[in-house]
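Notes to accompany the following structure.
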Protein chains: 2
Amino acid sequence: MQFTSEAVESLVEHLTRLPTIGRKSAHRLAAYILKMPREEVVELSKALVAVKDKVKYCRICYNVSDSDLCGICTSPKRDRSLICVVEESNDVMALERTNEFRGVYHVLGGVISPLDGIGPEDLHVRELVARVQPVSEEEAGEGMEEPTPVKEIILAMNPNVEGDTTAYYLTQLIKPFGIQVSRIARGLPIGGDLEYADEATLSRALMGRVKL
Amino acid sequence: MQFTSEAVESLVEHLTRLPTIGRKSAHRLAAYILKMPREEVVELSKALVAVKDKVKYCRICYNVSDSDLCGICTSPKRDRSLICVVEESNDVMALERTNEFRGVYHVLGGVISPLDGIGPEDLHVRELVARVQPVSEEEAGEGMEEPTPVKEIILAMNPNVEGDTTAYYLTQLIKPFGIQVSRIARGLPIGGDLEYADEATLSRALMGRVKL
């Protein structure tokens, strides 16, 4: 035992299980929490459990939401003919921060990763196909989403092997519906330095060069 | 609102109030917590509150403890004539990891910092003086700590202005008792590089040179 208190030891143990928190951070956090007013700690602890108890997933796009449908899917300002497919809810937030995208989303809930035993059936792939399929008459009557035909699917998976695999799989799946499928550009990050870019990024930036 | 769920937003808000957790880490943590089994989240939330409810402070050294006296102060293997004075409980743990120190500790609970309005009376300074004072007869009878006379006080404050101020103050306070007062060495960190050391560290390392 490193601390002379089991309660502190147990908290450190729990904190280190979380991502981005190493042993040193956990110690610093525990020391900080020890000095925090009790009410604030109780609030934090409640916020943790609330996330598990209150958060639902939008039944259209599977983004996190407090109700059955998320704020983006119900917004009248959004273009329902344009669906951006992402891995996780965090990615929706990252894209929303750009203030560039006016379409709607589809959260897969992961990527195809045979090594981790994750196949298309573990993701919201079937639901994506249902969204791009020509709307049947019965659906058009009951759904809250207007039966806007989907014109384009933007694939915004992470630029790695799993993301590439998933993007390839989805392209094969969606193309037959006659819908345009695109993937967000990969290349040098803005503010990045050619000299320090890794080979894969640089070769991708070369391949994806844009005519001026 | 960046997330489409208020519960997630609130958790992120709470997490970013903690040290070492920025907005990005908080988002990543929230996403991870969303995927964690509910029981684990409940456990983590309980561990947080437990730290506030169960942790006491050792009434000899003010280190965190589950009981009235900490494991170090009650250990028969510890040399009670040697007291290492530190700022926080975390520092005790850091020193314990070295497996070098066989004495006991005294946790001040902070440092003298006039800018933050923290003076000696806000720290466990009086209690430190009580420990080094020659044992009176009544105390010798009731205390669990054996009345071993203190031979040396090692000051292990952080090497910064506040740490220096506190160390200076304590030295003036303790010296009159005829007890040896020392401070842990400051200089180049092991594995460090002279070229990259800052001026203050380097000049301190020069001043504190040791004869070979």
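Coordinate-derived values only; no laboratory data. These numbers were taken from a predicted model, which means no experiment stands behind them. No Cβ is skipped: glycine too gets one built from the backbone with ideal geometry, and neighbour counts run over all protein chains shown.
Let a ≥ b ≥ c be the square roots of the eigenvalues of the Cα gyration tensor of the range B:6-54; is it rounded (a/c under 1.5), or, if not, prolate (a/b larger than b/c) or oblate? Taking the square roots of the gyration eigenvalues as a ≥ b ≥ c, the range B:6-54 is oblate.
Between residue B:13 and residue A:179, the modelled labels are 3.5 nm apart [label points 7 Å from Cα along Cα→Cβ]. Across peptide A:66-73, the mean count of Cβ atoms from other chains lying within 10 Å of each residue's own Cβ comes to 2. Our note on the geometry: Cα centres of the range B:26-84 and the range A:7-74, 19 Å apart. Annotation: lysines with alpha-carbon distance below 24 angstrom to residue A:151 (same-chain offsets under eight excluded): A:77, A:175. Sequentially through the range A:183-194, phi angles give Karplus couplings (6.51, -1.76, 1.60; θ = phi - 60°) of 10, 4, 5, 10, x, 6, x, 4, x, x, 10, 3 Hz, Gly and Pro residues having no value and appearing as x. Label-to-label distances for residue B:212 across copies, nearest first, come out at 5.9 nm, using points 7 Å from Cα in the beta-carbon direction. With everything on Cα atoms, drop me the angle between helix A:23-35 and the longest principal axis of chain A, reported from 0 to 90° to the nearest 10. Taking the Cα atoms of chain A, the angle to A:23-35 is about 60 degrees.
Compactness check for the protein assembly as shown: Cα Rg over 2.2 N^0.38 Å is 1.35. Remark: relative contact order (the range B:157-212) = 25 percent; criterion is Cα-Cα distance under 8 angstrom and separation of 6 or more residues.
Counting only residues at least eight positions apart within a chain, or on another chain, the lysines with an alpha carbon under 20 Å from that of residue B:54 are A:35, A:46, B:46. Applying 1/(1 + (r/R0)^6) with R0 = 30 Å to the Cβ-Cβ distance of residue B:210 and residue B:130 gives a FRET efficiency near 0.30. Peptide A:13-22 has a mean shielding of 5, counted as Cβ atoms of other protein chains within 10 Å of each residue's Cβ.
For the rotational copies A and B, the chain A residue with its Cβ nearest the relating axis, together with that separation in Å, is A:45, 2. Label-point spacing at residue A:118 relative to the other copies reads 4.3 nm, in ascending order, each point sitting 7 Å out from Cα along Cα→Cβ.
In chain B, what percentage of the DSSP-assigned beta bridges are antiparallel, given to the nearest 5?
Antiparallel bridges make up about 20 percent of those DSSP assigns within chain B.
For residue B:100, the point set 7 Å out from Cα toward Cβ sits 5.3 nm from its twins in the other copies, listed from shortest up. Mean separation of Cα pairs under 8 Å and 6 or more residues apart, divided by the residue count, gives chain A a relative contact order of 13 percent.
Counting DSSP beta bridges in the protein assembly as shown, what percent are antiparallel, to the nearest 5? Looking only at bridges with both residues in the protein assembly as shown, the antiparallel portion is about 20 percent. In terms of its C-alpha gyration tensor, the range B:1-109 comes out prolate, because a/c is 1.5 or above and the ratio a/b outweighs b/c.
The amide H of residue A:181, built 1.01 Å from its N in the peptide plane, has A:153 as neighbours under 5 Å, considering only residues 5 or more places off or on other chains. Taken as Cα centroids, the range A:180-205 and the range B:177-212 sit 46 Å apart, rounded to the nearest whole angstrom. Each semi-axis of the equivalent ellipsoid for the range B:67-211 is √(5λ) with λ an eigenvalue of the Cα gyration tensor; in descending order they amount to 29, 18, 15 Å.
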